[in-house]
Amino acid sequence: MKHLFFVGIAGHAMRGLAYAAQQSGNQVTGLDVPATSPGSDWLDEHGLVWTNISSPALLDGVDEVIISGGTAASDPILVEAAKRGLPVISFAEFLGKLTKDKRVISVAGSHGKTTTTAFITWLLESAGRQPDFLIGIQPFNFDSSARLVGSDIVVIEGDEYRASTLDERSKLQFYHPDVLVLTSVEMDHPDVFADLAAVKARFAEVIAAMPPNGHLIAWSDSAAVTELAAHAKAPVVLYGLQSGSVVGRNISYTATGIEFDLEIDGHVLGRLAVPLFGRHNVLNSLAAAAVAIGEGLRFGDIAAGAATFKGAYRRFNVVSMPTSPVTVIDDYAHHPTEVAATIQAAKLHFAGRRVVAIFRPHTYSRTKTLLHEFQHAFGEADKAYITGIEGAREAGQEASVSGADVATGIGASTTYEPDRAKLVETVIADAKAGDVILCMTVSGYDKLSGELAQRSAGL
């Protein structure tokens, strides 16, 4: 047993991994400054020892320090760890060490990682496989975002972003997947990647390292993905809506989710009903089904698991009451492609209703680099509200771009409102019965959807 100290312990993935490490017999303590609900509440409810007050004494008796991706290199606790000669490793490296002897299924790509990882995990779980897992956000079918209980198979959400401020390698590189799902490849994280070629190179490294007896599950409708897949040494299984071994046909978008025929190598196995929304989730479902088939699940197992999959936190979650005159949806979309897909999903599933999109841009570098794409992502929205930018790790770059720049490029149906309280009042004053209010927000605005759901219930 080791004494492990987690820095940034209140984050979704970090707290899940910390809990899994504790359940495996390790002594776990941690620090998060600041840590707010729901993260702090979750830690307390699951018996994890942590504090939000940093002190050198926290490292007394510690064997290893595990840090989140956002932990600053200058953090006093890291300085103290260096003085004591304690090993400091990233969340990703620690997870890689724990899972190195397991069969690893990892989901990577610019979009859809969380939902697809959670879906694969649930399909295996509901079929009795009981996999270990690590998912970047809370999946609704499980009590935690991570579980490491000794299974010989683990499902991991893989991220191309750097492992930490101390380690420029991608998180994904530490997982050494036997099965890799590549959902999409687009330019993102300009604070780490100079251009799309750099993003592709990061994925190419992982694909090249895959074992010849592994499998690459790749989206056939993306030129960037198929370009990378063409260089894989491992067998490739393509999925998509147009071509591939695994294809979705005859898609229906209903008030309760998506339905489609699952076609494998030209033969329809049957029809799947999934309580998820949007075309993008048809693709996520196909990727999950492709993995499940490769792992030996029967169609009946897949259909049963699909029907009972509950999705993940902040992934097109309807937070308003069914009887409310306004439907309020909470989502974490923060890339132009994700924004457009989420708005499209609202239009597909709530046909004929006015879609009001609220968006809080995340990081100055992403907003500036993808400004043109953001300005064109709201085309299907009937009304849009843009807030100020959440700078996150990029404090001091406020002058480079603003939320007003995003709003100006969208058009006349858009309002820029940097004040949160005024935003709530403006949205409620304009809301009409039948509206679909789509909250795509981060950080201090992540509870906005709940507030709007409560306020709009009496319209």
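Among residues that are free of Cβ contacts under 8 Å to residues at least 24 places away in the same chain and in contact with a Gly (Cβ under 9 Å, 6 or more places away or on another chain), residue 275 is not included. Among the numbered conditions (1) out of contact with any helix residue (DSSP H, G or I) (no Cβ under 7 Å at 6 or more places or on another chain); (2) at pLDDT below 95; (3) surrounded by 14 or more Cβ atoms within 10 Å (Cβ to Cβ), the only one that residue 396 does not meet is (3). In the range 252-272, the residues that are farther than 19 Å from residue 309 by Cα form Cβ pairs under 6 Å with partners that are of a type in the set (S, T, N, Q) and surrounded by 14 or more Cβ atoms within 10 Å (Cβ to Cβ), at six or more places apart or across chains, as follows: 265/245.
Only one of the listed residues (301, 330) is in contact with a strand residue (DSSP E or B) (Cβ under 7 Å, 6 or more places away or on another chain) and acidic (Asp, Glu). That residue is 330.
So in the range 348-370, with the set limited to residues that are touching a strand residue (DSSP E or B) at 6+ places or on another chain (Cβ under 6 Å) and not in a loop (DSSP other than H, G, I, E, B), which one is modelled with the lowest pLDDT? Out of the qualifying residues, it is 362. On inspection, residue 253 fails the criterion of being buried (at least 23 other Cβ atoms within 10 Å of the Cβ), touching a helix residue (DSSP H, G or I) at 6+ places or on another chain (Cβ under 9 Å) and not small (Gly, Ala, Ser). Residues that are of a type in the set (Gly, Ala, Ser) and either in contact (Cβ under 8 Å) with a residue 12 or more places away in the chain or surrounded by fewer than 24 Cβ atoms within 10 Å (Cβ to Cβ) (or both) number at least 1 in the following strands (runs of 3 or more DSSP E) confined to the range 91-209: 103-108, 162-164, 167-170. Going residue by residue through the range 13-23, is there one that turns out to be more than 20 Å from residue 132 (Cα to Cα) and either in contact with a His (Cβ under 6 Å, 6 or more places away or on another chain) or without any contact (Cβ under 8 Å) to a residue 12 or more places away in the chain (or both)? No, the range 13-23 contains no residue that is more than 20 Å from residue 132 (Cα to Cα) and either in contact with a His (Cβ under 6 Å, 6 or more places away or on another chain) or without any contact (Cβ under 8 Å) to a residue 12 or more places away in the chain (or both). Note on the range 399-409: among residues that are among the polar types (S, T, N, Q) and either surrounded by fewer than 17 Cβ atoms within 10 Å (Cβ to Cβ) or in contact with a Ser or Thr (Cβ under 7 Å, 6 or more places away or on another chain) (or both), the one that is modelled with the lowest pLDDT is 400. When the test is whether a residue is modelled with pLDDT of 95 or more, surrounded by fewer than 21 Cβ atoms within 10 Å (Cβ to Cβ) and not in a loop (DSSP other than H, G, I, E, B), residue 80 passes it. If only residues of the range 1-40 that are closer than 17 Å to residue 136 by Cβ and in contact with a Lys or Arg (Cβ under 7 Å, 6 or more places away or on another chain) are counted, the one that is surrounded by the fewest Cβ atoms within 10 Å (Cβ to Cβ) is 39.
Screening residue 374 against (1) part of a helix (DSSP H, G or I); (2) touching a Gly at 6+ places or on another chain (Cβ under 8 Å); (3) of a type outside the set (A, V, I, L, M); (4) surrounded by fewer than 24 Cβ atoms within 10 Å (Cβ to Cβ) leaves a single unmet condition, (4). Scanning the range 125-161 for residues that are small (Gly, Ala, Ser) and over 17 Å from the mean Cα position of the chain (by Cα) returns 126, 127, 128, 150, 151.
Looking across the range 342-367, the residues that are surrounded by fewer than 24 Cβ atoms within 10 Å (Cβ to Cβ) and of a type in the set (A, V, I, L, M, F, W, C) come down to 348, 350, 351, 355.
In the range 411-459, the residue that is surrounded by the fewest Cβ atoms within 10 Å (Cβ to Cβ) out of those that are within 12 Å of residue 359 (Cα to Cα) and among the β-branched types (Val, Ile, Thr) is 415. Scanning the range 47-101 for residues that are within 30 Å of residue 176 (Cα to Cα) and aromatic (Phe, Trp, Tyr) turns up 91, 94.
Within the range 350-389, the residues that satisfy the criterion of being among the β-branched types (Val, Ile, Thr) and farther than 18 Å from residue 186 by Cα are 355, 356, 358, 386, 387, 389. Among the conditions (1) more than 15 Å from residue 357 (Cα to Cα); (2) surrounded by 14 or more Cβ atoms within 10 Å (Cβ to Cβ); (3) in contact (Cβ under 8 Å) with a residue 60 or more places away in the chain, residue 389 misses just one, which is (3).
The values are calculated or read from the model by the stated rules, or taken from the named source; none is laboratory data. Bear in mind that the values here come from a model prediction, so they are computed numbers and not experimental data. When we count neighbours, we look across all protein chains shown, and the Cβ atoms used for this are built from the backbone with ideal geometry, even at glycine.
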